[in-house]
Amino acid sequence: MSAADPDCLFCKIVAGEIPGDTVRETDRVLAFRDVNPQAPTHVLVVPKAHHENAAASAAADPDGFAELFTVAAAVARDEGLPGHRAVFNTGAAVGQTVFHTHLHVIGGRDLAWPPG
Ligand code: 5GP
Ligand code: ZN
């Protein structure tokens, strides 16, 4: 696993240094509720290994990256969602604000397409 970044918010949540509202955890992955939810269900599914975005995680930690999706599916099932949206923001240009890979799992209301 890559070293935690001492300045990274999600590394601190993974380490338990900052509280997170955890909904599911595996050896490689942590899922916790977004502090500013955009829908009735808004969970962030993060690899415990620090990489700055989805592409970097996929390249460096493919098993951990794949597990994001199985955990996302389990979260959606546990929340009783009839459908959900799973999205990575990659780059500040499209709204990424935390540079530790995280899969947004959003559901529980109607969602427009295309996204804004
Ligand atoms: P991004 O904009 O990088 O795709 O998503 C970052 C997400 O992290 C945002 O949805 C934001 O609400 C969430 N977030 C920021 N700070 C915290 C925090 O301290 N705890 C939790 N649980 N979520 C956070
Ligand atoms: Zn990190």
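The values are calculated or read from the model by the stated rules, or taken from the named source; none is laboratory data. Being a predicted model, the structure only gives us computed values, none of them experimental. Virtual Cβ from ideal backbone geometry, glycine too; neighbours counted across all protein chains shown. Protein only, heavy atoms only, side chains kept; ligands, DNA and RNA dropped before computing areas. Shrake-Rupley method; radii C 1.70, N 1.55, O 1.52, S 1.80 Å.
Residue by residue, here is whether (1) outside any strand (DSSP E or B); (2) touching a Gly at 6+ places or on another chain (Cβ under 7 Å) holds:
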{"site": "Ala3", "(1), (2)": "yes, no"}
{"site": "Val14", "(1), (2)": "yes, no"}
{"site": "Gln38", "(1), (2)": "yes, no"}
{"site": "Val43", "(1), (2)": "no, no"}
{"site": "Ala49", "(1), (2)": "yes, yes"}
{"site": "Ala59", "(1), (2)": "yes, no"}
{"site": "Thr70", "(1), (2)": "yes, no"}
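Taking Phe65, is it of a type in the set (A, V, I, L, M, F, W, C), part of a helix (DSSP H, G or I) and within 12 Å of the chain's Cα centre (by Cα)? Here the answer is yes, as Phe65 does meet what is asked.
Restrict the check to the range 42-56 and report whether at least one residue is touching a residue at least 60 places away in the same chain (Cβ under 8 Å) and within 16 Å of ligand 2 (Cβ to nearest atom).
Our first condition is that a residue be touching a residue at least 60 places away in the same chain (Cβ under 8 Å); within the range 42-56, this holds for 42-45.
So of that shortlist, the ones also within 16 Å of ligand 2 (Cβ to nearest atom) come out as 44-45.
Taking every residue of the range 42-56 in turn, at least one turns out to be touching a residue at least 60 places away in the same chain (Cβ under 8 Å) and within 16 Å of ligand 2 (Cβ to nearest atom).
Residues in the range 1-47 that are β-branched (Val, Ile, Thr) and near ligand 1 (Cβ under 8 Å from one of its atoms): Ile13, Ile18, Val35.
Of the residues making up the range 14-41, those that are within 20 Å of Val87 (Cβ to Cβ), in contact (Cβ under 8 Å) with a residue 24 or more places away in the chain and open to solvent by less than 70 Å² (accessible area, probe 1.4 Å) are Val23, Val29, Ala31, Asp34, Ala39, Thr41. Among the residues of the range 1-13, the ones that are surrounded by 12 or more Cβ atoms within 10 Å (Cβ to Cβ) and either closer than 22 Å to Glu79 by Cα or free of Cβ contacts under 8 Å to residues at least 12 places away in the same chain (or both) come to 2 in all. Filtered by the rule that a residue be among the β-branched types (Val, Ile, Thr) and open to solvent by 30 Å² or more (accessible area, probe 1.4 Å), the range 57-105 gives Thr70, Val87, Thr90, Val94, Thr97.
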